[in-house]
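Okay, structure first, notes after.
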2 protein chains.
Amino acid sequence: MSKRHNTTLKELALALNLSISTVSRALNDHPDINEKTKENVKKLARQMNYSPNLFARSFRSQKTNIIGVIVPNISHYFTSTILKGILEEAEIQGYRVIISESNNSETKQTEMLNTMTQFGVDGILMSLARKTTKVDDVLRTLNRAPIVLFDKVSQKIPCTQVVINEEEAAFNAVEHLIELGKERIAIIKETENSYNSEKRYAGYLRALEHHGIRIREKIILSTEDISLIHGRRLTNILLSMKKRPDAIFAITDDAAIGAIKALNKFKIKIPEEIAVVGFSNSASSKIIQPELTTVDQPGDKIGRTAVKYLIDEIDSPSNNIITKTVEIKTTLVVRDSSLRA
Amino acid sequence: MSKRHNTTLKELALALNLSISTVSRALNDHPDINEKTKENVKKLARQMNYSPNLFARSFRSQKTNIIGVIVPNISHYFTSTILKGILEEAEIQGYRVIISESNNSETKQTEMLNTMTQFGVDGILMSLARKTTKVDDVLRTLNRAPIVLFDKVSQKIPCTQVVINEEEAAFNAVEHLIELGKERIAIIKETENSYNSEKRYAGYLRALEHHGIRIREKIILSTEDISLIHGRRLTNILLSMKKRPDAIFAITDDAAIGAIKALNKFKIKIPEEIAVVGFSNSASSKIIQPELTTVDQPGDKIGRTAVKYLIDEIDSPSNNIITKTVEIKTTLVVRDSSLRA
DNA sequence: CTGAAAGCGCTTACAG
DNA sequence: CTGAAAGCGCTTACAG
């Protein structure tokens, strides 16, 4: 047998002097077929190393059993934990997963959506590229295949959205700082109004209001790119103020770690002088000194949940397009950066 | 037009009162077709939101343009950078990528190989699960589709293997410590003889020999699971010795970071008393205090290279099975954990 | 219990 | 310049 050759039903049928139909049925354990025949067929199939061509099967059944996934950046840790959940759940349910990256480019994202529908995926899981504005492209895809959004979502797209309890999580994080006795709590958030940043900011505001703490515009800082470097830069600005904050809530771990790096540099005691809380529970949050208090986002569960909702829609396609939001609970992981002395 | 409906060539043909053949050729800009006809066809195709069913096309051409990827753990940072490279290069070359995780289980790995060949992927990229012993399964797959291994490879599998210059990289890392004036250099490696651990250990030995430094068995430590926790544990053992080492070379960043955490706890000066060098240039290596000297592994390049070699084999299937090793160069990133005072 | 035939959507050699 | 027909590998309703 030469290399790269795949045995087909036809070959088996020829060798056994049976019809293709019978061979197919025998392999699929169809009740009609004689036990003896089944045995013979299966034996030869094993010998000839036969395995069904799933592509042909999918083609016939008009169902690919493939889920397409589009994420902004695959090497972002939180994203990779979601992907892990997606892969696990998809495998359990008998689906394969095609992954692609939009690199936060809307153009690329549209291209990916097109390839995926052309390819005939049964459904699409997507976390939106930053600044996704031309929702039309996504809506057009929605006519072809069900979509479930996760993490970076948009209410403008009428479909199921799997997110964490952003607002509540931020509320809890800030309340934790207040209970620690902190009163001048700065926030480092995004300039652009992403779903996530907006919700976390709302939680911050609500916590302050709820506890009767005055909102100080001066210590509400924003940045385009919510990274370690900008977390550090904005913290330096906070430190240059006449009246420094006594806590910093950064809406990402990266920015919070940047903040800690800045505070460490000036030998400011954490959490006594300034406490810090982040968001994500990334691997780095346990590496930084002092270890970072942060919101744990269960990526695995988000991924699994998104897959479940998507497969539900694949199995029972409904024509009523609705925006449904599914919230996954998070927990605050308290570490040294905000531990009561 | 109802939801979830895909226009087909047949429908276009019917609407235009043309044959399916003509419509197909018009859309593919076949020179035989009348310009006017092409225009009409294309116009209607746009109106009816037609896009070709790639599944049908693949089915006919017996080529899926899909690459299967199997990795032990998708959320390992280094792996995700390789995946990034794979996705980028695959897209450029017009391939789609199916990703799955073996979770370091050989059984699961075999299953994935089977599904992928059944599915008819054009080729497979794989990083082996730990302790892959039953090479037979992989060899059987090799009869169906070309395989290129990367990172976790095995010489027992006759195929192209894309790796980094493990031995040389370790040699350079240890030589760097020697040039710093260190003489009692401990190594933290894996118990099990993985390709990577073996090569790095060989580089360590060669560097010591090359510089006429005696090899001390006592400070050559091994662990099953080369993680932060075990890096810390083994470092504690090193610290309990009568004569402590003056440097630690850990064959992963995780273990090196564990080492630094242990040293920090005992307020041991890094690098003056004990210098530390890791391997990977993970995100965490820039977070830990002091920042970690480590070997930068260009994941992106590894991924791209693996895709290129695989597509070469897909395009020109050769029957001569050979083991070819492709080495990607690394660089040592010197940071505070080994910086001359 | 087994077989002949249709069909999934597409491309292309062959005919006119 | 256009069309009828075969075929990629499989499943299944229909017939016997």
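Mind checking which residues of region B:41-80 are within 16 Å of DNA strand D (Cβ to nearest atom), within 30 Å of the chain's Cα centre (by Cα) and of a type in the set (A, V, I, L, M, F, W, C)? The answer is B:Leu54, B:Phe55, B:Phe59, B:Ile66.
Scanning region B:304-326 for residues that are in contact with a strand residue (DSSP E or B) (Cβ under 6 Å, 6 or more places away or on another chain) and either charged (D, E, K, R) or part of a strand (DSSP E or B) (or both) turns up B:Lys324, B:Thr325, B:Val326. For B:Leu16, work out the one condition from (1) within 16 Å of DNA strand D (Cβ to nearest atom); (2) in contact (Cβ under 8 Å) with a residue 40 or more places away in the chain it doesn't fulfil. Here B:Leu16 meets the rest and fails (2).
When A:Asp137 is tested against the conditions (1) modelled with pLDDT under 95; (2) within 24 Å of A:Thr331 (Cα to Cα); (3) part of a helix (DSSP H, G or I), the lone failure is (2). Does region A:84-96 include one or more residues that are on the phi > 0 side of the Ramachandran plot, touching a residue at least 24 places away in the same chain (Cβ under 8 Å) and within 9 Å of chain B (Cβ to nearest Cβ)? Scanning region A:84-96, I find no residue that is on the phi > 0 side of the Ramachandran plot, touching a residue at least 24 places away in the same chain (Cβ under 8 Å) and within 9 Å of chain B (Cβ to nearest Cβ), so the answer is no.
Residues in region A:186-230 that are of a type in the set (S, T, N, Q) and within 17 Å of A:Ile164 (Cβ to Cβ): A:Ser194, A:Asn196, A:Ser197. If you go through region A:284-303 and keep only what is more than 22 Å from A:Glu190 (Cα to Cα), at the interface with another protein chain (Cβ under 10 Å from one of its Cβ atoms) and buried (at least 20 other Cβ atoms within 10 Å of the Cβ), you end up with A:Ile287, A:Ile288. Would you check if A:Glu39 is out of contact with any helix residue (DSSP H, G or I) (no Cβ under 7 Å at 6 or more places or on another chain) and more than 9 Å from DNA strand C (Cβ to nearest atom)? Here the answer is yes, as A:Glu39 does meet what is asked. Selection of region B:106-144 for residues being closer than 24 Å to A:Tyr95 by Cβ and acidic (Asp, Glu) yields B:Glu106, B:Glu111, B:Asp122, B:Asp137. The lone criterion from (1) more than 9 Å from DNA strand C (Cβ to nearest atom); (2) away from chain A (no Cβ under 14 Å); (3) under 43 Å from the mean Cα position of the chain (by Cα) left unmet by B:Leu18 is number (3).
Which of the residues that make up region B:60-74 are surrounded by fewer than 21 Cβ atoms within 10 Å (Cβ to Cβ) and at pLDDT 85 or above? Residues satisfying the conditions are B:Arg60, B:Lys63, B:Asn65, B:Asn73.
Please work out if B:Thr305 is among the β-branched types (Val, Ile, Thr) and in the same structural domain as B:Ile178 (by TED's automatic domain parsing). So B:Thr305 fails the test. When B:Lys10 is tested against the conditions (1) more than 10 Å from chain A (Cβ to nearest Cβ); (2) at negative phi; (3) near DNA strand D (Cβ under 9 Å from one of its atoms); (4) surrounded by fewer than 12 Cβ atoms within 10 Å (Cβ to Cβ), the lone failure is (3). Scanning region A:114-134 for residues that are farther than 16 Å from B:Val97 by Cβ and assigned to a helix (DSSP H, G or I) yields A:Asn114, A:Thr117. B:His5: of a type outside the set (A, V, I, L, M, F, W, C), within 11 Å of chain A (Cβ to nearest Cβ) and exposed (fewer than 14 other Cβ atoms within 10 Å of the Cβ), yes or no? Yes. Can you spot a residue in region A:98-109 that is at the interface with chain B (Cβ under 9 Å from one of its Cβ atoms), of a type outside the set (Ser, Thr, Tyr) and in contact with a Phe, Trp or Tyr (Cβ under 8 Å, 6 or more places away or on another chain)? Scanning region A:98-109 turns up at least one residue that is at the interface with chain B (Cβ under 9 Å from one of its Cβ atoms), of a type outside the set (Ser, Thr, Tyr) and in contact with a Phe, Trp or Tyr (Cβ under 8 Å, 6 or more places away or on another chain). Among the residues of region B:208-232, those that are crowded, with 16+ Cβ neighbours inside 10 Å and within 27 Å of B:Leu128 (Cβ to Cβ) comprise B:Leu221, B:Ser222, B:Thr223, B:Ile226, B:Leu228, B:His230, B:Gly231.
Against the test of being part of a helix (DSSP H, G or I), farther than 18 Å from A:Ile288 by Cβ and not small (Gly, Ala, Ser), the options B:Lys301, B:Lys269, B:Lys243 yield a single qualifying residue, B:Lys301. For region B:39-77, enumerate the residues that are at the interface with chain A (Cβ under 7 Å from one of its Cβ atoms) and closer than 15 Å to A:Phe119 by Cβ. Answer for region B:39-77, where residues must be at the interface with chain A (Cβ under 7 Å from one of its Cβ atoms) and closer than 15 Å to A:Phe119 by Cβ: B:Ser51, B:Pro52, B:Asn53, B:Leu54, B:Phe55, B:Ala56, B:Ser58, B:Phe59, B:Thr64.
Residues in region A:110-119 that are within 9 Å of chain B (Cβ to nearest Cβ) and touching a helix residue (DSSP H, G or I) at 6+ places or on another chain (Cβ under 7 Å): A:Thr117, A:Gln118, A:Phe119.
This table checks each residue for (1) among the acidic types (Asp, Glu); (2) under 19 Å from A:Gly120 (Cα atoms); (3) away from DNA strand C (no atom under 11 Å from the Cβ).
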| residue | (1), (2), (3) |
| --- | --- |
| B:Leu14 | no, no, yes |
| B:Asn28 | no, no, no |
| B:Pro31 | no, no, yes |
| B:Asn34 | no, no, yes |
| B:Leu44 | no, no, yes |
| B:Tyr50 | no, yes, no |
| B:Asn53 | no, yes, no |
| B:Arg57 | no, yes, no |
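What residue, among those in region B:126-147 that are within 13 Å of chain A (Cβ to nearest Cβ) and surrounded by 16 or more Cβ atoms within 10 Å (Cβ to Cβ), is nearest to B:Asp225 (Cα to Cα)? Filtering first and then ranking leaves B:Asp137. Of all positions in region A:304-326, none carries a residue that is over 30 Å from A:Arg144 (Cβ atoms), surrounded by fewer than 24 Cβ atoms within 10 Å (Cβ to Cβ) and of a type outside the set (Gly, Ala, Ser). Looking at A:Lys242, A:Lys189, A:Lys182, which is the one that is out of contact with any helix residue (DSSP H, G or I) (no Cβ under 8 Å at 6 or more places or on another chain) and buried (at least 18 other Cβ atoms within 10 Å of the Cβ)? Checking each option against the conditions leaves just A:Lys182. If you go through region B:154-180 and keep only what is in a loop (DSSP other than H, G, I, E, B), of a type outside the set (D, E, K, R) and without any contact (Cβ under 8 Å) to a residue 60 or more places away in the chain, you end up with just B:Ser154.
The values are calculated or read from the model by the stated rules, or taken from the named source; none is laboratory data. Since we're looking at a predicted model, the values are computed, not measured. Cβ: placed from backbone, ideal geometry, glycine included. Neighbour counts: every protein chain shown.
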